[in-house]
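Beneath this line is the structure, given in structure tokens, with notes to follow.
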Amino acid sequence: MGFTVRLPVTPEPAEILHDDEPEDYQGEGEEGAEGVESAPIELRLSVDAGGERLDKVLSKLLPQYSRSRLQQWIEDGHVSLDGQPARAKTTVLGDETVLVHPQPAAEDKAFTPEAMDLPVVHEDEAILVLNKPAGLVVHPAAGNWSGTLLNGLLHHLPALAGVPRAGIVHRLDKDTSGLMVVAKTLEAHTDLVRQLQARSVKREYLALVWGTPVARGRIESAIGRHARDRLKMAVSESPSAKPALTHFERVATGALDGRAVSLVRCRLETGRTHQIRVHMQSLGFALVGDPLYGKAHLASAFPRQALQACRLGLNHPQSGQACEWSVPLAADFAALLERAGIGLPE
């Protein structure tokens with residue numbers, strides 16, 4: 001027997017939807033930019049600088065760079081004092097010569113093409129469908145300025161530098177595996193965004209959760225930033241929370257380490273940050289392996305959240321034809337089901 005969970009929500013205009021990732025993209029407007037080293041800067045210190053630390057003196061002379069960045073350059077050997085490697089804590093005497101070799105910041109390289117083995121499921125003139133592996137970050141952001149799917153896409157097809165966010169219209173969390181679609185042209189990008197806004201893109205996930213939820217249900221609960229932990233999202237009645245709707249169905253049950261687990265099929269109508277993880281946890285059925293929303297003492301059961309985007313359906317942006325793709329479970333997820341005594345779903 002199914003059921004519906006409903007919390008009050010404040011309707012908001014349609015927007016680009018993202019699956020299981022923060023909805024604010026970083027580095028917007030910098031597509032295709034590459035970090036390039038600047039010319040060396042030579043400085044002659046005045047006598048007035050005598051008695052001060054080198055890093056403090058440089059921060060005054062080079063205000064365009066933060067003191068922390070200058071300290072890092074010194075530590076990495078990119079600054080010399082009278083021809084010798086400099087130290088940030090060195091007290092200068094005045095009248096010395098300082099040579100600074102400015103280095104690109106990590107974020108300056110965020111949109112640099114990088115060779116990558118892209119797991120392509122389908123590719124044509126308009127779209128690229130990928131089976132993203134767990135562990136791959138989709139878009140550059142703090143802590144992950146390189147090695148992302150976006151970097152790989154720009155190497156695979158340099159023309160994507162001319163498409164917003166290199167064609168990425170929706171995302172998967174770093175440790176969520178499965179299907180994603182990427183637009184290869186501006187026209188395809190516009191069309192796919194409209195399909196996402198219209199909620200006509202079919203996205204189906206498989207998740208392994210702790211416990212035994214009802215056979216099927218519908219969770220309609222707005223999601224917003226957690227009130228105390230800014231890394232987390234939560235079901236919320238805040239006016240800033242965004243409407244979210246997840247349909248789920250229990251596929252099979254098993255056990256891990258003596259605890260009941262269930263394989264659940266989830267279908268998204270919206271794509272809020274961490275939507276499936278938050279919605280299932282709100283009912284008391286956290287995902288196995290989820291380090292953020294699961295119980296700490298159960299986190300070692302699996303090295304990532306047990307979640308995969310297994311099926312993707314949309315209308316082709318060029319032909320309008322209905323298309324659908326599906327992928328088998330990732331090897332680690334399949335092995336987890338075997339441990340739990342659950343057969344692979346069809």
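The values are calculated or read from the model by the stated rules, or taken from the named source; none is laboratory data. The structure presented is a predicted model; accordingly, all values stated were derived computationally and were not measured. Quick reminder, even Gly has a Cβ in these numbers, built from the backbone with ideal geometry, and neighbours come from all protein chains shown. What goes into the accessible areas is simple: the full protein's heavy atoms, side chains included, and nothing from ligands, DNA or RNA. Shrake-Rupley method; radii C 1.70, N 1.55, O 1.52, S 1.80 Å.
If you filter the stretch 139-165 down to residues that are touching a residue at least 60 places away in the same chain (Cβ under 8 Å) and not aliphatic (A, V, I, L, M), you find that the one that is farthest from M180 (Cα to Cα) is G162.
Among the residues of the stretch 67-90, those that are within 36 Å of the chain's Cα centre (by Cα) and open to solvent by 60 Å² or more (accessible area, probe 1.4 Å) comprise R67, S68, R69, Q71, Q72, E75, D76. Only one residue in L62, L128 is crowded, with 16+ Cβ neighbours inside 10 Å and in contact with a Lys or Arg (Cβ under 8 Å, 6 or more places away or on another chain), so which one is that? Step by step, each of L62, L128 is checked, and only L128 is crowded, with 16+ Cβ neighbours inside 10 Å and in contact with a Lys or Arg (Cβ under 8 Å, 6 or more places away or on another chain).
Quick one: which residue in L329, L287 is modelled with pLDDT of 95 or more, buried (at least 23 other Cβ atoms within 10 Å of the Cβ) and under 24 Å from K174 (Cβ atoms)? Answer to the selection: L287.
Considering only residues of the stretch 91-112 that are of a type outside the set (A, V, I, L, M, F, W, C) and within 30 Å of the chain's Cα centre (by Cα), which is farthest from S146 (Cα to Cα)? Top of the filtered list is P102. Contact list please: Cβ distance under 7 Å, first residue in the stretch 225-245 and without any contact (Cβ under 8 Å) to a residue 12 or more places away in the chain and farther than 16 Å from E269 by Cβ, second residue part of a loop (DSSP other than H, G, I, E, B) and open to solvent by less than 30 Å² (accessible area, probe 1.4 Å), pairs at least six apart or on different chains. Listed pairs, sorted by first residue: none to list.
When A301 is tested against (1) open to solvent by less than 30 Å² (accessible area, probe 1.4 Å); (2) modelled with pLDDT of 95 or more; (3) not polar (S, T, N, Q), just one condition goes unmet, and that condition is (2).
For the stretch 313-346: of the residues being acidic (D, E) and outside any helix (DSSP H, G or I), which is nearest to V288 (Cα to Cα)? The qualifying residue nearest to V288 (Cα to Cα) is E346. Would you check which residues across the stretch 137-160 are in contact with a helix residue (DSSP H, G or I) (Cβ under 6 Å, 6 or more places away or on another chain) and either open to solvent by 20 Å² or more (accessible area, probe 1.4 Å) or charged (D, E, K, R) (or both) and list them? Hits for the stretch 137-160 are W145, S146. Being touching a residue at least 40 places away in the same chain (Cβ under 8 Å) and among the acidic types (D, E): is that true of E187 here? Considered against the rule, which asks whether it is touching a residue at least 40 places away in the same chain (Cβ under 8 Å) and among the acidic types (D, E), E187 comes out as yes.
Restricting attention to the stretch 257-269, the residues that are more than 16 Å from M280 (Cβ to Cβ) and in contact (Cβ under 8 Å) with a residue 24 or more places away in the chain total 1.
Would you kindly identify the strands (runs of 3 or more DSSP E) lying entirely within the stretch 193-251 that contain at least 3 residues that are closer than 16 Å to H170 by Cβ? It comes to 202-210.
State yes or no: is T112 surrounded by fewer than 17 Cβ atoms within 10 Å (Cβ to Cβ), of a type in the set (S, T, N, Q) and farther than 27 Å from D332 by Cα? Answer is no for this residue. Please work out which residue is modelled with the highest pLDDT, limiting yourself to the stretch 200-226 and to residues that are open to solvent by 50 Å² or more (accessible area, probe 1.4 Å) and within 21 Å of the chain's Cα centre (by Cα). Looking at the filtered set, the residue picked out is K202. Criterion applied to R304, R277 was being in a loop (DSSP other than H, G, I, E, B) and touching a residue at least 24 places away in the same chain (Cβ under 8 Å), and the one residue passing it is R304. Of the numbered criteria (1) over 16 Å from K232 (Cβ atoms); (2) surrounded by fewer than 21 Cβ atoms within 10 Å (Cβ to Cβ), the one L312 fails is (2).
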